[in-house]
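Structure first, then comments.
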Amino acid sequence: MEKKWWQGKIAYQIYPKSFQDTNGDGIGDIPGVIQHLDYLQKLGIGILWISPVYISPCADQGYDIADYYQIDPMFGTMEDMELLIKEAEKRDIKILMDLVVNHCSDEHEWFKKACENPEGEYGKYFYFAKKENGKLPCNWRSYFGGSVWEQVPGTDWYYFHSFHKKQPDLNWENPLLREEIYKMMNWWLKKGLGGFRIDAIINIKKPLPFQDYPADRSDGLCDMSEVLKHAYGIGEFLGEMRDKTFRIYDSFSVGEVFNEKEGELKDFMGENGYFSSIFDFSQTIEGKSPKGWYANEAPSVDAYKKCCFHSQKKAEGIGFYSTVIENHDEPRGVSYYLPEAARHDKGKKLLAAEYFLLKGIPFIYQGQELGMENMTYSSIEEVDDVSSKAEYAECIRVGMSPEEAMKVVNQYSRDNTRTPFQWNSTENAGFTTGIPWLRVNPNYIEINVEKQENDKESVLNFYRALSELRRNPQFQDTLIYGRTEPFLEKEPGIMAYFRRGLLQDIVVAGNFLDEVKYIEIPELEKKSDSVLISNDYVEWKEGQLILKPFQVVVLSLS
Ligand code: GLC
Ligand code: CA
């Protein structure tokens, strides 16, 4: 396989609204990102994904774009963005912007023109339809609840939206629309971006003509994940996009792809894939129900491990998944995947090492490197996230009490990861001198950068050590390119694997149980100098490695 510049990189996601405010308006901004580039460099970051900063009315926190060519004043200016790209480059960090092109905002010029004349040129940039015999063209449910069809006020036209009604879907079947998108992408790439993270891309291909599918709830609607199973031919669009944009600039592209079909992984991220990489979401999907959050079941440690190993096997010989434990759409990984008894620094380090040393491009979501945790909201009024509101309503609809519904929301809310970054223990965690747009997690007194900076045992310094190990030229062949081989796979509560390189093998062994485990590593010879990283003192007994509760050990073999 051809080597690429991005294969050995460590990536970091910034949710700019919550990272660092520099002008006291309570909203994080681009100058705030620039201010902390040294911090990111020290963490060994090579790729920096910035969630959307384009002009947006923020019906879905910037994922509803009203102008792809301008920075929203709440985040700064185009000069700030250009400076960010330049300053990052100096530190060997490539910037990824978020590419949201399944839909735009209903406040985008295209959509406004389209509504004036749904049968005109811009009408063809979207999906418009009228009822026939009193019936909408299909019974699909939008991701944020309710029908995908919304009436254009004062007309008998309806437009299609997979997400919020303020996010009308763009019509990718229209070649003129596609050319507009590629033009815009290249305009950005020319500014020196490293590439894009591509939002909700699997949704651009609809199974047309519109038709009903069997309803899966009493609302008579059908879930989009079911609908998408019937959509074929997305490759035509994605291959075209690759050839007309990414390939020209040798950029890194990572797709938010939830449901590629059986056998399609190679098309998406193989040698000549549509994207450089796609996220491995197998563990985030595990246990999720089409009925809604209330019917989800969070994965056990063994289910988590199974998902990771399954994906590693699937990707072997094909390419590099982007690995995550959280992002701006998920709860905090340490609050979600760790069993109750493991929710402390030691357990956080265990989870960190397990996912970080898998094969792929590890992504760290802001604050993950500190072990930031879920937030607790006591009422739905405190929550900003649109999907939380829809899911709360669904809980109430099926008969749960507000207290029960809030329990569900607290477990899954996207606001869990959207709370302001915790820099220090001063008011508002050093995020802003004003009033933060979303409440700071009260645990910032305990969990913050300043406190962890000089503490050798902190979660932050553990992440730094993992990052250093991954970037150490001595281990690159193994940790970047070596295959993953599960070890003790059947052992409950133990997650262990080998990374096999040409010259060297490494083993990662972790114990998620609150009891001591003894494991035998047949290939291990030199014991004392083989320890690369651990979150506890490493001991042996009669040739067996002692794994204390929640301990993880990384050893080099031979
Ligand atoms: C993606 C984004 C999410 C957004 C949705 C619609 O899933 O990550 O935040 O709500 O797309 O753009
Ligand atoms: Ca600001």
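The values are calculated or read from the model by the stated rules, or taken from the named source; none is laboratory data. Everything numeric in this text was worked out from a predicted model, so none of it was measured. Backbone-built Cβ (ideal geometry, glycine too); neighbour counts: all protein chains shown. Quick note on the areas: whole protein, heavy atoms, side chains included, nothing else; ligands and nucleic acids left out. Shrake-Rupley method; radii C 1.70, N 1.55, O 1.52, S 1.80 Å.
General remarks:
- Test for Ser56: is it open to solvent by 10 Å² or more (accessible area, probe 1.4 Å) and within 16 Å of ligand 1 (Cβ to nearest atom): yes
- Just one residue in the set Leu84, Leu99 is within 16 Å of ligand 2 (Cβ to nearest atom), within 27 Å of Arg414 (Cβ to Cβ) and under 25 Å from the mean Cα position of the chain (by Cα); that residue is Leu84.
- Just one of the numbered conditions (1) surrounded by fewer than 21 Cβ atoms within 10 Å (Cβ to Cβ); (2) under 22 Å from Ala352 (Cα atoms); (3) assigned by TED's automatic domain parsing to the domain that holds Ile361; (4) within 27 Å of the chain's Cα centre (by Cα) is not true of Arg471: (3).
- Filter pass, Arg483 being out of contact with any Lys or Arg (no Cβ under 6 Å at 6 or more places or on another chain) and either at pLDDT 95 or above or under 21 Å from Phe309 (Cβ atoms) (or both): no
- Restricting Asp72, Asp38, Asp29, Asp64 to residues that are more than 16 Å from ligand 2 (Cβ to nearest atom), acidic (Asp, Glu) and crowded, with 21+ Cβ neighbours inside 10 Å narrows the list to Asp64.
- Within this structure, Tyr481 fails the test of being farther than 22 Å from Ala341 by Cα and in contact with a Pro (Cβ under 9 Å, 6 or more places away or on another chain).
- Unmet requirement for Ile95, which otherwise passes all of (1) more than 13 Å from ligand 1 (Cβ to nearest atom); (2) surrounded by fewer than 23 Cβ atoms within 10 Å (Cβ to Cβ): (2)
- Of the residues making up the range 255-279, those that are within 16 Å of ligand 1 (Cβ to nearest atom) and either in contact with a Cys (Cβ under 8 Å, 6 or more places away or on another chain) or open to solvent by 50 Å² or more (accessible area, probe 1.4 Å) (or both) are Phe258, Asn259.
- Residue in the range 196-212 that is open to solvent by 50 Å² or more (accessible area, probe 1.4 Å), at negative phi, modelled with pLDDT of 95 or more and of a type in the set (S, T, N, Q) present: yes
- Val554 meets the conditions (1) closer than 30 Å to Met1 by Cα; (2) touching a Phe, Trp or Tyr at 6+ places or on another chain (Cβ under 9 Å); (3) open to solvent by less than 30 Å² (accessible area, probe 1.4 Å) in every case but one. The failed one is (2).
- Those residues of the range 154-207 which are outside the structural domain of Ile50 (by TED's automatic domain parsing), among the charged types (D, E, K, R) and within 16 Å of ligand 1 (Cβ to nearest atom), in sequence order: Lys165, Lys166, Asp169
- For the range 427-456, the tally of residues that are of a type in the set (Asp, Glu) and closer than 20 Å to Thr417 by Cβ stands at 1.
- Against the criterion of being part of a loop (DSSP other than H, G, I, E, B), hydroxyl-bearing (Ser, Thr, Tyr) and closer than 22 Å to Leu338 by Cβ, Tyr537 qualifies.
- Verdict on Lys305 being open to solvent by 70 Å² or more (accessible area, probe 1.4 Å), basic (Lys, Arg) and in the same structural domain as Ala352 (by TED's automatic domain parsing): no
- Cβ-Cβ distances below 7 Å connect the following pairs, each with a first residue in the range 151-177 that is open to solvent by 30 Å² or more (accessible area, probe 1.4 Å), a second residue that is in a helix (DSSP H, G or I), and a separation of six or more residues or different chains: His164/Val386.
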